[in-house]
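Just below is one structure, and these are the notes that go with it.
Values in this text are rule-based calculations from the coordinates and carry no lab data. Only a predicted model underlies this, so the values are computations on that prediction, with no experimental measurement involved. Cβ coordinates were reconstructed from backbone atoms using ideal geometry, including for glycine residues, and neighbour counts include every protein chain displayed.
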Amino acid sequence: MSGPVVVLVGPPGAGKSTVGAALADRFGVPLVDTDTEVETTTGRSISDIFVEDGEAAFRDLERAAVLQALADQRPCVLALGGGAVMQDEVAAALESADVQVVFLDVTIGDAASRVGFDTSRPLLLVNPRASWTRLMNARRPTYERLADHHVQTGGRTPADVVAEVAERLGAGG
Ligand SMILES: Nc1ncnc2c1ncn2[C@@H]1O[C@H](COP(=O)(O)OP(=O)(O)OP(=O)(O)O)[C@@H](O)[C@H]1O
Ligand SMILES: O=C(O)C1=C[C@@H](O)[C@@H](O)[C@H](O)C1
Ligand SMILES: [Mg+2]
């Protein structure tokens, strides 16, 4: 099979980057993290792009990164930024691609203790807990609709989550 082995979606703090890196090691493929792709191709931080050019400009770059990774025949683990699935073109591409989508779910309590809500997340600068919850409520139906597998991460280590995802993909053991 070519293209992404798995696509990870979920809110900030779900563990997409962490679990994605471990899965990539396990499968012997690179991790493509769209947040990192955007920062690498522009040479700027996501925060700077949001502040200087606005969210819409970031979303254009993010969409291009997702579509490129899906179009590439290069096997990888693809971790999406938390809001990527809210773009219709991204959602449609995930639905039509022959890929397994995994929704990494997390509660506000676990997400808060994991990320600490520092200044690196531009949408969570003001009242981070309330902002995270509002975004999650708006996005949850989309995460669930697009997901082939729904994996709870609360109270579990990254290794536990990796093991469950691998098992769901038929690569456990
Ligand atoms: N299952 C877990 N248990 C405990 N800590 C975790 C778990 N998964 C990830 N973490 C930690 O939580 C933090 C956030 O994880 P990570 O950056 O992977 O989340 P993310 O979903 O990629 O978030 P973002 O959308 O902001 O990029 C990291 O410090 C990571 O080490
Ligand atoms: O939840 C979001 O909308 C975001 C999550 C991060 O992964 C980054 O993609 C960016 O900070 C926006
Ligand atoms: Mg991440």
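Summary of computed values
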read-out: Protection proxy ranking, peptides 122-129, 57-64, average beta carbon neighbours within 10 Å, highest first; value: 57-64, 122-129
read-out: Cα shape, the chain, gyration tensor, a/c 1.5 rule; value: oblate
read-out: Percent antiparallel among DSSP beta bridges (both partners in the range 4-167, rounded to 5); value: 0
read-out: Residue-averaged [θ]222 nm for the chain, counting only DSSP H segments that reach four residues, each worth -39500 (n - 2.57); value: -16500 deg cm²/dmol
read-out: Karplus 3J(HN,Hα) series, Hz, for the range 78-89 with 6.51 cos²θ - 1.76 cosθ + 1.60 (x for Gly, Pro); value: 10, 9, 9, x, x, x, 4, 5, 7, 8, 4, 5
read-out: Label-reachable residues, the range 131-169, where backbone N falls under 19 Å from a point 7 Å from residue 98's Cα toward its Cβ; value: 148-149, 169
read-out: J(HN,Hα) series, the range 100-106, from Karplus relation 6.51 cos²θ - 1.76 cosθ + 1.60, nearest Hz, glycine and proline x; value: 8, 9, 10, 8, 8, 9, 7
read-out: Label-point separation, residue 118 to residue 2 (7 Å along Cα→Cβ), nm; value: 3.9
read-out: The range 2-59 shape via C-alpha gyration tensor axes, a/c threshold 1.5; value: prolate
read-out: Where labels lie 7 Å past Cα in the beta-carbon direction, separation of residue 127 and residue 60 in nm; value: 3.1
read-out: Label-zone membership for the range 1-45, site residue 168, 7 angstrom Cα→C-beta point, backbone N under 11 Å; value: 7-10
